[in-house]
Structures are given as C-alpha cells and as structure tokens.
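Chemist: Sharing a structure with you now.
Taken together, the values in this text are just the output of simple stated rules run on the coordinates, not laboratory data. Bear in mind that the values here come from a model prediction, so they are computed numbers and not experimental data. With ideal geometry, Cβ positions are generated from the backbone for all residues, glycine too; neighbour counts draw on all protein chains shown.
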Amino acid sequence: MSDDKANPAQANADAKLEVSRRDFLSEITLGALGVAGLGGAALAYQFFSPNVLSELPTTFRAGNPDLYPENSVTFLQDQQVYIVRTPAGFYAVSAICSHLGCITQWKPEANMIACPCHGSKFQPNGQKIEGPAPRPLPHYAINLTADGELQVDKLQIIKAAQVLKV
Amino acid sequence: MATSFHTALESLRTTRVWKSIFRRGPAITNRTRSLAVIGNLFLHWLPVKVREKSLRVRAAYYLGSLSLLLFITLVVTGVLLMFYYHPATPKAYHDMKDLRFVVSNGVFLRNMHRVGAHLMVLLVFCHMFHVFYRGGYKPPHEFNWVVGVILLLLTLFLSYTGYLLPWDQLAFWAVTVGTNIISAMPVIGNKVRFVALGGHVVGENALLRFYVLHVVILPLLAFLFIAVHFSRVQKDGGLTVGSIDDDGKN
C-alpha cells in the first residue's frame with residue numbers, strides 16, 4: 001500500500017505487464033504454430049516445384065545451314081521454332097503464340113505466321129500483323145557451333161534486328 | 001488480464017463476418033454452449049427443428065438438390081472410370097479411347113460423367129442466379145452465400161481439372177491456354193503456372209497433378225462444403241426465409 005502511494009504509476013505499469021501463465025502458454029503455442037505453418041508452407045512450395053524435368057533441352061542443334069534454302073521459313077515441330085533464312089542471314093523465331101501459348105502455323109501462300117486458337121497473325125520476322133496477341137513473337141539466340149551447325153538457345157531472347165550471317 | 005491475442009479475438013467476434021458464421025455469442029453460458037453444439041454440423045448432425053416452409057415444394061428449390069444429385073452421380077461414375085484409367089502419357093488417351101470402344105458399357109459411363117459434369121456447371125449457375133434473384137445472399141444468409149460461391153469455384157476447378165484427363169488435342173490446348181492465363185498474374189504468375197503444371201509445358205507432371213486434384217483433393221473439399229451448405233439451409237429453415245416466418249412463428 002505504501003509502495004503504491006510512493007509510486008502509483010510504477011505499480012500500474014507492473015499490473016499491466018502481468019501475464020498469466022495460461023495466457024503466456026497459449027500465446028507462445030500460437031506463435032509456434034504460426035512459425036510451423038509458415039515453414040510448412042515454404043516446404044510445400046519447394047515440394048511442389050520439381051527440380052528435375054523430363055522436358056526437351058532448351059538449347060538444340062538445327063543442322064547444317066545448307067539445309068535451309070534462301071528466303072525460307074522452316075518449322076521445327078519438336079522444338080516449336082521457325083528457322084528463317086533471308087538474304088541477310090538466319091534468325092530463329094518462337095512458334096509459340098505470345099497471346100496464350102498455342103502453336104502458330106507458317107502459311108507460305110499468305111506469307112504470314114497464323115495462330116489457330118484466336119486468329120493472331122504475324123510476319124515471318126515475328127512482327128504482329130493483327131491481334132489479339134499483345135507482343136511480337138520473340139527471337140531466340142542463334143549461332144554456329146565449331147563444326148558449322150546452327151544452334152539455337154531458347155532461354156536467350158535477342159533483338160529482332162540481330163541476324164546470323166553465314 | 002487481456003492479452004493481445006484475446007483482444008484480437010474479442011474484436012474479431014464483433015465483426016460482421018464472424019457474426020454471420022457464428023450467430024451465437026461467446027460460449028460462456030449453458031445456453032450459448034448448447035447453441036454452439038446444436039448449431040455445429042460436425043457436433044450435431046441433424047437440425048433441431050425443420051420448418052414446414054423449408055419442405056414446401058417449389059420447382060426452383062430443386063436446382064440445388066439436383067446439383068447434389070449430379071455430384072453423387074459424378075462421384076460414382078468417376079470412381080468406376082478410375083478402374084480403367086492410368087494418369088500417364090500417352091496411356092491416358094488410349095485408356096479414354098478404350099473406355100469408348102473396348103470396355104463394356106464404358107462409353108455409357110464416360111458419357112454420363114462428361115454430360116453430368118457439363119450439366120452440373122449449368123445447374124450450379126442456375127441455382128446461383130435463382131438464389132441471387134430471391135435475395136438469398138442477404139442476412140442472415142451471407143455466410144451460406146459465401147459457401148455457395150466457394151462451391152461454384154470448386155465446381156469450376158473440378159470441371160477444369162477433369163478437362164485435361166482425356167489427354168486429347170482439346171484437353172491439351174485448353175489447359176495450355178488456361179495456364180497461360182494464370183501466368184498473366186503480376187510477379188508470381190509464372191511461378192504459380194510452374195507449380196500448377198509441375199513444369200514449363202503441359203506434360204506428364206501436369207496430367208498427374210490435375211488427376212490427383214480431380215479425384216481426391218477437390219471432391220473432398222466439395223463434399224465438406226456441400227455438407228456445411230446443406231446443413232445451413234436446413235438450420236436456417238429454407239433458402240430465403242427470414243428469422244420469422246410469414247405466419248409470425250419463429
């Protein structure tokens with residue numbers, strides 16, 4: 001009593017700080033469950049992201065440059081890539097529509113690449129003629145291997161102006 | 001002594017969302033404790049009372065019941081189809097063809113499952129429109145409306161995951177297009193698509209993932225939510241009844 005009189009503010013603060021054993025345990029349990037839940041979510045995300053995939057390699061050889069006549073567009077079905085040869089050189093254009101991922105088709109009679117799903121149209125160099133595709137078809141990095149074959153790297157997107165001269 | 005947890009719980013109890021889910025107050029008296037048990041589907045299976053009004057026959061009241069009937073039909077036919085279906089490429093497509101042309105009565109079961117699935121999506125939408133135009137989303141039915149929206153989403157997810165399983169051209173491209181829509185999400189889109197497909201393209205991992213979701217996870221969730229949905233309708237005494245009936249009886 002005399003302590004309270006001497007320092008009532010301190011006594012009030014002590015009373016506010018006081019936490020019962022039950023409250024302490026329930027809070028610490030909830031905290032532990034929260035941490036375990038977050039950890040579990042992180043582990044689940046890791047588990048559901050496969051580390052090894054049996055998909056096609058992203059870098060592939062497209063054969064000897066002589067296989068492709070000048071002014072031609074060749075569709076490589078397995079890799080879903082067009083190898084285009086112009087008088088200026090080679091470039092590799094993705095055949096996957098930039099709209100929703102369908103495989104486009106080269107229409108030589110109309111000189112355009114067309115998507116069967118939603119009707120997007122592109123020039124052979126990937127430029128969009130009409131939508132709904134929002135972007136042009138990307139160009140992949142293309143180069144020559146030491147033994148003179150074309151090699152395409154689908155993880156490297158390059159500018160459309162870059163052409164491989166052979 | 002109130003701790004931060006208790007304060008948070010108390011303020012949560014005063015929110016409209018909490019009150020629409022748990023209508024009684026805190027279970028601190030014998031009356032509220034009894035109400036807590038009686039009102040909980042998992043502790044008390046049958047409703048304490050059934051209003052006559054909720055049993056009256058109206059054609060549109062059957063939309064929800066028909067959806068349930070279709071769900072049961074889909075579970076039965078689906079389990080039967082599982083006896084002949086391997087979720088692996090390219091076996092899945094061959095199994096689907098076998099079900100149509102080789103397995104006795106397979107085409108009947110497969111079509112029942114297929115048509116039933118289409119019908120269920122249609123009926124669930126009709127049911128939702130009916131409940132909406134009857135004002136069934138208004139208090140005290142907000143919580144059951146939300147459960148219904150969850151059931152609509154579950155129906156659509158079940159329909160979508162089942163769409164891939166025949167592994168034909170339509171299935172492949174529909175899922176390619178659909179998962180590309182997922183990847184349009186800002187920042188996390190590509191990661192979500194990668195986890196959903198288990199790869200960068202729609203392949204055998206995607207088929208297996210969609211299969212597990214379609215035959216185990218989503219039906220279990222749907223079963224749980226259907227149970228809560230129906231028990232709430234019974235305990236509320238019908239779809240659009242207020243707390244007091246027209247005849248003044250509670």
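Chemist: Any residue at all in the stretch B:95-102 that is more than 14 Å from chain A (Cβ to nearest Cβ), within 30 Å of A:Gly119 (Cβ to Cβ) and out of contact with any His (no Cβ under 9 Å at 6 or more places or on another chain)?
Modeler: So far as the stretch B:95-102 goes, yes, one or more of its residues are more than 14 Å from chain A (Cβ to nearest Cβ), within 30 Å of A:Gly119 (Cβ to Cβ) and out of contact with any His (no Cβ under 9 Å at 6 or more places or on another chain).
Chemist: For the stretch B:197-212, which residues satisfy the criterion of being among the hydrophobic types (A, V, I, L, M, F, W, C) and buried (at least 19 other Cβ atoms within 10 Å of the Cβ)?
Modeler: Listed by number, the residues that qualify are B:Leu197, B:Val202, B:Ala206, B:Leu207, B:Phe210.
Chemist: In addition: Considering the stretch B:1-43 alone, what residues qualify as being of a type in the set (Ser, Thr, Tyr) and under 24 Å from the mean Cα position of the chain (by Cα)?
Modeler: Scanning the stretch B:1-43 gives a single hit, B:Ser20.
Chemist: Just give me the residues in the stretch A:52-78 being within 11 Å of chain B (Cβ to nearest Cβ) and either among the small types (Gly, Ala, Ser) or surrounded by fewer than 10 Cβ atoms within 10 Å (Cβ to Cβ) (or both), in sequence order.
Modeler: Selection gives A:Val52, A:Ser54.
Chemist: Which residue, of A:Glu27, A:Glu109, A:Glu18, A:Glu130, is surrounded by 13 or more Cβ atoms within 10 Å (Cβ to Cβ) and free of Cβ contacts under 8 Å to residues at least 12 places away in the same chain?
Modeler: A:Glu27
Chemist: Please find, among B:Thr161, B:Thr176, the residue that is more than 22 Å from the chain's Cα centre (by Cα), among the polar types (S, T, N, Q) and buried (at least 17 other Cβ atoms within 10 Å of the Cβ).
Modeler: From the options B:Thr161, B:Thr176, the qualifying one is B:Thr176.
Chemist: Oh, and also: Considering only residues that are more than 8 Å from chain A (Cβ to nearest Cβ) and closer than 16 Å to B:Pro90 by Cα, which ones fall in the stretch B:201-217?
Modeler: Matches in the stretch B:201-217: B:Val202, B:Ala206, B:Leu207, B:Leu208, B:Arg209, B:Phe210, B:Tyr211.
Chemist: Still on this structure, please answer the following. I need the full set of residues from the stretch B:164-200 which are touching a residue at least 24 places away in the same chain (Cβ under 8 Å), assigned to a loop (DSSP other than H, G, I, E, B) and either aliphatic (A, V, I, L, M) or at the interface with chain A (Cβ under 9 Å from one of its Cβ atoms) (or both), in order please.
Modeler: The answer is B:Leu165, and nothing else.
Chemist: Does the stretch A:145-164 contain any residue that is part of a loop (DSSP other than H, G, I, E, B) and in contact with a Cys (Cβ under 8 Å, 6 or more places away or on another chain)?
Modeler: So far as the stretch A:145-164 goes, no, none of its residues is part of a loop (DSSP other than H, G, I, E, B) and in contact with a Cys (Cβ under 8 Å, 6 or more places away or on another chain).
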